[in-house]
Amino acid sequence: MNLYQVSARKYRPNNFDDVVGQNHVTESLQNSINSKTVSHAYIFCGPRGVGKTTCARIFAKKLNLNNSSSENDFSYNIFELDAASNNSVDDIRDLVNQVKIPPQTGNYKIYIIDEAHMLSKSAFNAFLKTLEEPPKHCIFILATTEKEKIIPTILSRCQIFDFKRITEKDIFNYLLKLSKKENIIAESECFDLISKKADGALRDALSIFDKVNSFCGKNWTIEKVSETLHSLDESKIENFVNLLKNNNIAQVLVEFDLILKNGFEGENLISGLIEYFRNIMISKDPISMDLLKCSSKAKEAIINLTSFYTTNQLIEILNILSNCQKDYAITTNKRFLVELCLMQLSSIENLNTKKKKIKISEPAKEITETTESANQNQITKEETIS
């Protein structure tokens, strides 16, 4: 019987070349191995699901393989400690005692401490001396999502590598390759949607990939993927934008009611509108076009709207949407809050349309001259009387 394995584990990188979007880290680590300038302590920090623990494992394996012709992966020389559940002074004391024992084979014992920021202050203090001057055969790698919670005395003793969020483009390309390996036929918009939902975390993208694969099978459509992820696709958002553009308040409220009946939340619509109007703003200047986050299919419609909305209008629209999103969690009547937001957006006038101008005719020359003569006669009369 073949046991199912999730994609995040099945396709976990075994080499630095397979790591996605962290070249600045993988190249530095590989160069340090090649030049034999390996430090005794590292901190890998960054958002969740971007490859911190994966890179730590690859680095740990390569450190021993680089000094041995053996095909063994030296997994018994790699020790992982979860600081979230082992954060006391006693846990660190046990680790310090283990550090003194040299490896039976290979040159290094590597200790990977995951969620290192969860260690208590007392545990950090107990760890200080060993971290500063460990035995020559020992290397520490601390992985954390919250570097600011690690005390400065620990930070000063480690080489720090900041892992960045993985771009939507890198996630898209990775999922595209993965779909070919899994013999999945899918529209490109499906991977666009998953990349946005992943929010810069490849592990999250792979979890979503598995979820969609379970529901859609080997043939994916954007409608099915949107249904699976409970997400409003770009065509629905575009329909709302057109209604708002035409100031059609009644139809906007009807369409919003249909969305609620289909199981979506008002927050889903507001988030979609924020992204859409943001893209319109970005498309106004070619310099910022690289920041555009949309499918190639929606790009043309977004660019066409740049001439309809002024910059001031877009700022006002985004401000209304932002306030609605901020108040959504705390309001008691969520539906009315979104309806009010939609009514406000539908009522914004297009400043580009020609407004009627009031023409003020110039005063007749004769009237001006008559007025001047009357004033002069009045002055002469007053002088005569006096």
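Values as computed for the structure displayed
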{"item": "Per residue value of the accessible surface for region 190-306 (all protein chains in place, 1.4 Å probe), Å²", "result": "48"}
{"item": "Count of lysine pairs in region 1-129 with Cα separation under 27 Å (8 or more residues apart, or interchain)", "result": "28"}
{"item": "In order through region 83-97: 3J(HN,Hα) via Karplus (6.51 cos²θ - 1.76 cosθ + 1.60), integer Hz, x for Gly, Pro", "result": "5, 5, 10, 10, 10, 8, 4, 4, 5, 5, 4, 4, 5, 4, 5"}
{"item": "Label-reachable residues, region 163-198, where backbone N falls under 15 Å from a point 7 Å from Lys218's Cα toward its Cβ", "result": "179-186"}
{"item": "Label-point separation, Ser188 to Arg93 (7 Å along Cα→Cβ), nm", "result": "6.1"}
{"item": "Carbon/sulfur fraction of accessible area - region 64-167, other protein chains in place, 1.4 Å, %", "result": "48"}
{"item": "Cα-derived Rg over Rh, computed across region 45-203 with Rh taken as Kirkwood radius", "result": "1.06"}
{"item": "Sequence-separation-based contact order of the chain, relative, with Cα cut under 8 Å and 6+ spacing, percent", "result": "14"}
{"item": "For Leu142, distant residues with modelled amide H under 5 Å away", "result": "Tyr42, Ile43, Phe44, Ile113"}
{"item": "Stretch gain in nm, segment Ala329-Arg9, where the contour uses 0.36 nm per residue and the Cα spacing is subtracted", "result": "111.7 nm"}
{"item": "Net charge, Leu337 excluded, C-beta distance under 15 Å - Lys, Arg +1, Asp, Glu -1", "result": "-2"}
{"item": "Degrees, to the nearest 10: 296-305 long Cα axis against longest axis of the chain", "result": "30"}
{"item": "Simple spin-label estimate for Asn173 and Lys261 in nanometres, 7 Å along Cα-Cβ", "result": "4.5"}
{"item": "Area of Glu133 that stays accessible when all protein chains are in place (1.4 Å probe, Å², to 10)", "result": "120"}
{"item": "Whole-Å semi-axes of the ellipsoid equivalent to region 256-310 (Cα gyration tensor, √5λ, descending)", "result": "25, 11, 10"}
{"item": "Cβ-isolated cysteines (cut-off 4.7 Å), the chain", "result": "Cys45, Cys55, Cys138, Cys158, Cys190, Cys216, Cys294"}
{"item": "Contour excess over end-to-end distance, with Cα ends at Gln159 and Asn312 and 0.36 nm allotted per residue", "result": "50.4 nm"}
{"item": "Radius 14 Å from Cβ of Asn173, net charge of other residues (Lys, Arg +1; Asp, Glu -1)", "result": "0"}
{"item": "log₁₀ of I(q)/I(0) at q = 0.07, 0.12, 0.15 Å⁻¹ - the chain, Debye sum with one point per alpha carbon", "result": "-0.51, -1.04, -1.25"}
{"item": "Amide hydrogen neighbours beyond the local backbone of Glu80, cut-off 5 Å, H modeled", "result": "Ile112"}
{"item": "Net charge contributed by nearby residues that have their C-beta within less than 15 Å of His24 (K/R +1, D/E -1)", "result": "-1"}
{"item": "Label-to-label distance, nm, for residues given as Asn304 and Leu340 (7 Å Cα→Cβ offset)", "result": "3.4"}
{"item": "Which listed pairs, of Lys218/Lys299; Lys177/Lys211; Lys196/Lys245; Lys197/Lys293, have C-alpha distances above 23 Å, in listed order", "result": "Lys218/Lys299; Lys196/Lys245"}
{"item": "Potential extension, Asn125-Leu291 segment - 0.36 nm per residue separation minus Cα distance", "result": "55.3 nm"}
{"item": "Within the chain, helix-based [θ] at 222 nm, where runs of 4 or more DSSP H residues each add -39,500 (n - 2.57), nearest 500", "result": "-17000 deg cm²/dmol"}
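The values are calculated or read from the model by the stated rules, or taken from the named source; none is laboratory data. These numbers were taken from a predicted model, which means no experiment stands behind them. Note that each Cβ is placed from the backbone with ideal geometry, even for glycine, and that neighbours are counted across all protein chains shown. Quick note on the areas: whole protein, heavy atoms, side chains included, nothing else; ligands and nucleic acids left out. Shrake-Rupley method; radii C 1.70, N 1.55, O 1.52, S 1.80 Å.
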